[in-house]
Amino acid sequence: MAQYSYPSIEHSIDVLLETDTAQILIEDKLLVRGRDNYRFRLAPWLSIENLVLDGQEVTARRQGQWYLVELPADDQHELKFTLRGVVPARGSQQASATGVFSSSGSDGFYLPGYDAWIPWDETGRINYRLSITVPSGQRAVATGKLVSDHNSDDGYKAEFESAVESEPPSLFAGPYQVQEKRGNGLRLRTYFHEELTPLADSYLDAADGYIRRYQQTIGDYPYHDFHIISAPIPVGLGFPNLTYVGRQVIPLPFMRTRSLAHEVLHNWWGNGIAVDYENGNWAEGLTTYLADYALAADQGAEAAQSMRIKWLRDYAALPVERDQPVKAFTSKEHQASQVIGYNKVAFIFHMLKQEIGSVAFDQGLREFWEKHINATAAWRDLQAAFEDASNRDLDWFFRQWLARAGAPRLSLGAHSVTRHEAGFRTRIEILQPVTGYRFKLPLLLATVDGNQQHEITISETLTSVEFVTPAKPLYLQADPGSDIFRRLHQNEAPPILRDVTLNATSRTLVASADDLFTQTAKRLASRLMDTQPVIESLAAAQQPGHPLLLITTNDGLAEQLELLRLERPASLPRVAYSAEVWTTRRTDGAPVLVVSAANADDLESLLRPLPHYGGQSYVLFEAGRAVNRGIWPITRGALFRDLAP
Ligand SMILES: [Zn+2]
């Protein structure tokens with residue numbers, strides 16, 4: 001926090017929350033040092049009932065969003081606030097403006113620190129002690145170390161503290177059942193609504209496992225506790241030493257695996273080291289890389305590549321005019337910023353690891369962690385840590401991937417295969433029309449005697465390469481493992497459901513003689529398509545040029561495919577499913593989405609789940625449950641060249 005010269009402020013906070021009425025009484029005693037005034041923000045739903053400066057009542061002067069209290073010249077002062085208010089009800093205008101809420105039926109209270117439910121100092125970093133009292137059926141929890149908690153007929157009281165500078169406390173309350181696990185020197189807790197308590201043990205074990213994993217790779221967990229708190233709203237939010245997750249989401253399998261790992265890791269990236277937002281947010285992409293992506297990589301190289309392909313595929317769907325430099329990303333406001341701030345940044349860390357090697361990469365992370373723990377850090381601090389660990393200048397790397405929007409485009413130019421005294425000489429041109437990018441490009445050269453892996457450095461718009469092989473070459477593929485962040489060509493971006501459902505020119509064909517099936521198909525089309533579906537006759541659907549949604553019965557599928565001159569992809573498992581959904585392209589490149597189901601019931605069972613799979617190339621269902629899904633691999637695109645004559 002070098003940019004603020006003020007010593008941090010110590011808060012001593014006592015909160016009394018009446019969960020039935022949502023009334024809150026807050027007493028906050030502050031020790032302020034080395035300043036001639038105290039400037040702060042306060043949530044609009046709170047009023048200052050009383051403000052005492054060194055024993056004397058004073059008033060704070062209003063300056064737009066801010067309040068100001070002049071301080072006498074002495075070094076240290078005590079400011080004592082008494083604040084009162086009603087926590088805005090969920091869904092109210094006040095609640096949606098700030099994020100804070102009390103929930104109906106008192107099933108949850110949420111007071112994030114940034115809402116300024118205690119005076120928010122302009123540095124945004126404080127030390128605090130916080131005690132909170134709620135009625136005895138309720139439990140309250142906050143960020144910071146849990147010092148003690150105690151339940152009696154008078155209520156439940158818990159105390160928290162943060163001895164190191166941190167963001168102001170966030171406060172949560174609700175009719176929670178608390179379960180605890182201790183291990184590894186930490187206290188782990190779930191604060192779950194009653195119906196979720198059977199899941200508590202598995203959540204505590206999973207969180208324990210992730211914390212141990214990241215401790216080993218990065219450095220010590222920076223807090224004393226970790227809590228998983230059930231939220232009455234559909235969120236998944238990370239705070240220092242806790243995560244706040246929608247009660248509807250907690251039972252879903254991905255939550256306890258991928259999402260929990262992601263939130264746990266935010267204790268290092270984003271909380272343990274806070275983001276210097278003025279220079280872009282590095283924490284989401286780094287967390288995505290080391291949590292979501294690392295879990296995929298645990299499954300094997302293929303799963304890791306699938307995730308990279310998904311990122312490239314999502315990027316290919318991002319219109320050029322919505323692209324932005326990585327440094328411009330601060331938080332996820334829409335899908336487009338997720339494509340950059342999460343996916344592209346994660347991909348950049350993948351390429352960095354390829355560039356400097358995993359030993360230097362891991363060491364760089366540990367150095368970065370040690371140096372900036374309990375402070376804020378920017379992209380340049382990450383760069384410095386990796387330069388140090390690799391003993392290399394990486395300015396060119398960070399500059400090309402962070403400062404500019406866009407990505408390289410790659411294609412293959414002319415090639416030749418000629419006889420050579422040692423066998424065969426293969427020459428090929430690699431084209432890279434966007435100037436200023438430099439990267440290592442893996443090449444796969446397949447010959448009748450097996451495959452060869454090569455790696456070349458691309459820095460020019462045209463690179464000619466030459467290989468001499470004793471055996472006859474069969475084909476060459478550039479970037480066979482999808483290791484380079486680049487804009488895919490249309491012919492190598494495998495079709496996904498969204499290619500049809502987001503396109504306003506798509507046509508829909510329902511092929512069934514059964515009335516109920518047809519009605520259900522039309523409802524499904526309405527659910528799937530972004531705009532009102534246009535239902536067409538077979539003749540119209542046969543016209544080329546338009547994206548097509550085909551909905552038919554499993555029995556009628558083969559006939560429809562023949563009429564439309566389409567083929568069921570060979571890579572789809574040859575098993576009978578109750579419903580199958582997959583994409584392909586017409587010969588002219590227009591995407592096609594095929595939905596087939598055994599009967600109207602099985603089709604009906606797709607209504608709810610299917611719209612959630614827009615990013616997939618295929619989804620296979622058994623009794624309404626998705627049992628298999630995926631994205632077609634990038635195989636023979638612009639970077640594949642058949643070398644056989
Ligand atoms: Zn995140």
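Okay, residues lined up against (1) assigned by TED's automatic domain parsing to the domain that holds Ala163; (2) at pLDDT below 95; (3) in contact with a helix residue (DSSP H, G or I) (Cβ under 6 Å, 6 or more places away or on another chain):
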position	(1), (2), (3)
Leu252	no, yes, no
Met255	no, yes, no
Ala261	no, no, yes
Asn267	no, no, no
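Among what's in region 543-571 and is in a loop (DSSP other than H, G, I, E, B) and of a type in the set (Gly, Ala, Ser), pick the residue that is nearest to the chain's Cα centre (by Cα). Taking the candidates together, the pick is Ser571. Condition first: of a type outside the set (Asp, Glu), modelled with pLDDT under 90 and not in a helix (DSSP H, G or I). Can you find one or more residues in region 611-620 that meet it? Within region 611-620 (the criterion being of a type outside the set (Asp, Glu), modelled with pLDDT under 90 and not in a helix (DSSP H, G or I)), the answer is yes, since at least one residue qualifies. Within region 55-64, the presence of a residue that is touching a residue at least 40 places away in the same chain (Cβ under 8 Å), of a type in the set (S, T, N, Q) and loosely packed, with under 12 Cβ neighbours inside 10 Å is excluded.
Out of all the residues in region 585-600, is one or more in a helix (DSSP H, G or I) and either open to solvent by 10 Å² or more (accessible area, probe 1.4 Å) or small (Gly, Ala, Ser) (or both)? Scanning region 585-600 turns up at least one residue that is in a helix (DSSP H, G or I) and either open to solvent by 10 Å² or more (accessible area, probe 1.4 Å) or small (Gly, Ala, Ser) (or both).
Against the list (1) away from the ligand (no atom under 16 Å from the Cβ); (2) modelled with pLDDT under 95, the condition Ala304 fails is (2). Given the options Asn374, Asn391, name the one that is in contact with an Asp or Glu (Cβ under 7 Å, 6 or more places away or on another chain), at positive phi and more than 16 Å from the ligand (Cβ to nearest atom). One residue alone meets the criteria, Asn374. All conditions in (1) within 28 Å of the chain's Cα centre (by Cα); (2) open to solvent by 50 Å² or more (accessible area, probe 1.4 Å); (3) within 29 Å of Pro222 (Cβ to Cβ) hold for Gln76, with the sole exception of (1). The strands (runs of 3 or more DSSP E) located wholly in region 48-94 include none with 2 or more residues which are of a type in the set (Lys, Arg), under 22 Å from Ser170 (Cα atoms) and not assigned by TED's automatic domain parsing to the domain that holds Trp120. In region 243-260, is there at least one residue being among the basic types (Lys, Arg), open to solvent by 10 Å² or more (accessible area, probe 1.4 Å) and within 14 Å of the ligand (Cβ to nearest atom)? Looking through region 243-260, at least one residue is among the basic types (Lys, Arg), open to solvent by 10 Å² or more (accessible area, probe 1.4 Å) and within 14 Å of the ligand (Cβ to nearest atom). The one condition from (1) over 17 Å from Arg438 (Cβ atoms); (2) among the polar types (S, T, N, Q); (3) touching a Gly at 6+ places or on another chain (Cβ under 9 Å) that Ser390 does not meet is (1). Residue-level analysis places Phe347 among those that are at pLDDT 95 or above, aromatic (Phe, Trp, Tyr) and outside the structural domain of Asp483 (by TED's automatic domain parsing). With respect to the conditions (1) of a type in the set (Ser, Thr, Tyr); (2) surrounded by fewer than 16 Cβ atoms within 10 Å (Cβ to Cβ); (3) modelled with pLDDT of 90 or more, Tyr4 falls short on a single one, namely (3).
A quick yes/no check of all residues on (1) hydrophobic (A, V, I, L, M, F, W, C); (2) under 19 Å from Arg636 (Cβ atoms); (3) in contact with a strand residue (DSSP E or B) (Cβ under 8 Å, 6 or more places away or on another chain):
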site	(1), (2), (3)
Ala422	yes, no, yes
Phe439	yes, no, yes
Glu466	no, no, yes
Leu476	yes, yes, yes
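Out of all the residues in region 273-288, is one or more away from the ligand (no atom under 14 Å from the Cβ), open to solvent by 30 Å² or more (accessible area, probe 1.4 Å) and within 14 Å of the chain's Cα centre (by Cα)? No; the residues of region 273-288 include none that is away from the ligand (no atom under 14 Å from the Cβ), open to solvent by 30 Å² or more (accessible area, probe 1.4 Å) and within 14 Å of the chain's Cα centre (by Cα).
The values are calculated or read from the model by the stated rules, or taken from the named source; none is laboratory data. No experiment lies behind these values; they were computed from the predicted model shown. Glycine gets a Cβ as well: all are built from the backbone with ideal geometry, and neighbour counts include every protein chain shown. Calculation scope for accessible area: heavy atoms of the full protein, side chains included, ligands and nucleic acids excluded. Shrake-Rupley method; radii C 1.70, N 1.55, O 1.52, S 1.80 Å.
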